[in-house]
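Derivation of every value follows stated rules applied to the coordinates shown; laboratory data play no part. Given the structure is predicted, the values throughout are model-derived calculations rather than measurements. Cβ sites come from the backbone with ideal geometry, for glycine too, and all protein chains shown count toward neighbours.
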Amino acid sequence: MNALRRLEWVRWWWPALLWAVLISGFSTDTFSGEHTSGVFIPILHWLFPTASGATLEHLHLFIRKCAHLGEYFLFGLLVFRGIRGGRRGWKMEWAVRAVAVAAGWAALDELHQAFVPSRGPSMTDVLIDTCGAIAGQIVLAGVLLLRSRFARGAGDVDSTDRIV
């Protein structure tokens, strides 16, 4: 029974753990602004041929910050999935815990970047990452709320699939 319980935990947490590993991979030298500019700046220049070099650099920075937001939006959802486990619905407690885990991982990720020569730690990035996780929880709560309202309207209400 105990081994079965451990397997159940893995079932709900493996996506979040895998995504955390990928986030750590994005914090390496390979994905530094110095290296991603070699990919993004030529594409941006092709899309916006009259844009100045400074404008292209700003667009590159904007893309990188949106990537932070998006990766932690998804990470927050995956952590929520792990916390919720086999239960249904949405609870504020689960959402707060998911955001706290994502914020903690973001801080550790930035600490890791302090030791990568082409990177550096940024509290701004931690805040962007945390905002991504919060946005994920807001969207999830909205989707589940709408889903439960539509189910109620159809007469097919499942009391376990609600916002608490």
Would you work out which of Tyr72, Val99, Thr30 lies farthest towards the positive end of the dipole of the chain, given +1 charges on the beta-carbon of Lys and Arg and -1 on that of Asp and Glu, about the Cα centre? Val99
Would you kindly compute the Cα radius of gyration of the chain and its largest Cα-Cα separation (Dmax), both in Å? 19.5, 65
Would you mind getting me the FRET efficiency between Trp9 and Ala51? Use the beta-carbon distance for r and R0 = 35 Å, nearest 0.05. 0.10
Once Ala100 and Asp29 are pulled to full extension, the length gained, defined as 0.36 nm per residue separation minus their Cα-Cα distance, is 22.9 nm
Scoring the range 74-148 by relative contact order with C-alpha pairs under 8 Å, at least six apart, yields a percentage of 39 percent
I want to check the label-to-label distance for Leu18 and Ser122. Put each point 7 Å from Cα in the C-beta direction and report it in nm to one decimal. 2.8 nm
Pairs of alpha-carbon atoms within less than 8 angstrom and 6+ residues apart define the contacts here; what relative contact order does the chain have, in percent? 28 percent
Could you work out how much longer the chain between Ala107 and Ile138 gets when fully extended? Use 0.36 nm per residue separation minus the Cα distance between them, nm to one decimal. 9.0 nm
Taking the Cα centre of the chain as origin, work out the dipole magnitude from +1 charges on Lys and Arg Cβ and -1 charges on Asp and Glu Cβ, in debye rounded to 20. 880 debye
Can you compute 3J(HN,Hα) from phi for each residue in the range 134-144, using the Karplus curve 6.51 cos²θ - 1.76 cosθ + 1.60 with θ = phi - 60°, rounded to whole Hz and x for Gly and Pro? 5, 4, x, 5, 5, 5, 4, 4, x, 5, 5
Percent relative contact order of the range 1-86, based on C-alpha pairs within less than 8 angstrom and at least six residues apart? 52 percent
Choice from Glu110, Glu57, Glu71 showing the highest fluctuation, given a GNM over the chain with Cα pairs closer than 10 Å: Glu57
To the nearest 10 degrees, how steeply does helix 2-26 sit against the main Cα axis of the chain, on a 0 to 90 scale? 20 degrees
